[in-house]
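A quick write-up on the structure given underneath.
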């Protein structure tokens, strides 16, 4: 029996349940397996990314992506934002890896008149109210389309989190609206580098001030990074220099609470979804 993800038992199932493979996300860059974590007839769906299935990258050390996913989750939780689904490191059928609770999303079909996703594409002349146009490009048929995202406070909170995480890969498909009404971010394996790597599709708020409620959380978070307890937790997953860089980004945001503008030649991940 599959239990509700909000059930307190889901945490124990995720950590200790037997992982049974039920599918694979084939378009993912790294091995990304859909599993059921089950014990005594109860189960919860999850994503399992074994470390041995991580694709080598030139700018991130091999075998560190799973730990970065966990560190990103811990940061989201420390802020009190709950943007990232519950994420842990544990053993699985293909060795140790990252296990993350599955996010159920509503079925939408904008191509047939349904509601747009939080990040989507549309004809440039049809950008709806309440959406930002981020860029224009040509689709595979050579037709001009606009990349857009919602002016949604839940999504902006994710964008602020991405600044702190130094997220190098916020694609449109990595922002999910759950059936519970929350907005979740997934795929944080290439975050928390000590050098500036921010690449995101969420540029609609560039140059806009960040709200006082979010900044109060960021300021408190920056203060806790000056202590020993939370940095020690993060040090299990990222380097001391990366923890220092996170602290620097938090204080920089406190000093100048404004959404940044794109910089460099690659401010958006590609493909964008």
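Each reported figure results from applying straightforward, stated rules to the coordinates on display, with no laboratory input. Please read these numbers as outputs of a predicted model, since none were measured by experiment. All Cβ positions, even for glycine, are placed from backbone atoms using ideal geometry, and neighbour counts span all protein chains on display.
Taking only Cα atoms and a 10 Å spring cutoff, compute GNM fluctuations for the chain and point out the largest among 97, 220, 172. Top of the fluctuation ranking is 220.
If the viscosity is 0.890 mPa s and the temperature 25 °C, what translational diffusion coefficient in µm²/s does Stokes-Einstein give for segment 61-151 when Rh comes from Kirkwood over Cα pairs? Numbers along the way, then the final one.
Values: Rh = 16.4 Å.
It diffuses with D of about 150 µm²/s by this estimate.
Counting only DSSP H runs of at least 4 residues, each contributing -39500 (n - 2.57), and dividing by the residue count of the chain, the helix-based mean residue ellipticity at 222 nm comes to -8000 deg cm²/dmol. Remark on the chain: hydrodynamic radius 19.5 angstrom, per the Kirkwood mean of 1/r across alpha carbon pairs.
Between residue 15 and residue 94, the modelled labels are 2.6 nm apart [label points 7 Å from Cα along Cα→Cβ].
Rounded to two decimal places and with Rh computed the Kirkwood way over Cα pairs, what is Rg over Rh for segment 110-149? List each step's numbers first, then the result.
Numbers: Rg = 9.7 Å, Rh = 10.4 Å.
For segment 110-149, the value is 0.94.
Taking every alpha-carbon pair under 8 Å whose residues sit at least 6 apart, segment 110-149 reaches a relative contact order of 43 percent.
Remark: relative contact order (segment 39-193) = 24 percent; criterion is Cα-Cα distance under 8 angstrom and separation of 6 or more residues. GNM remark for the chain: springs join alpha carbons under 10 Å apart, and the peak mean-square fluctuation among 65, 138, 192 falls on 138.
Pairs of Cα atoms under 8 Å, at least six residues apart: use those to get the relative contact order of the chain, whole percent.
On the way: 486 pairs, mean separation 42.8, N = 273.
About 16 percent, as a whole number.
Of all DSSP beta bridges confined to segment 97-201, the antiparallel ones make up roughly 95%.
Starting from the Cα-Cα distance between residue 213 and residue 62, subtract it from 0.36 nm times their residue separation and give me the gain in nm to one decimal.
Details: separation 151, 0.36 × 151 = 54.36 nm, distance 3.72 nm.
Additional length available on full extension: 50.6 nm.
Taking 35, 122, 191 as the candidate residues, the one with maximal mean-square fluctuation in a Gaussian network model of the chain, Cα springs under 10 Å, is 122.
Nearest 5 is fine: what % of DSSP beta bridges in the chain come out antiparallel, could you say? Just about 95 percent of them are antiparallel. Modelled spin-label separation between residue 266 and residue 139, with each label point placed 7 Å from Cα along the Cα-to-Cβ direction: 2.7 nm.
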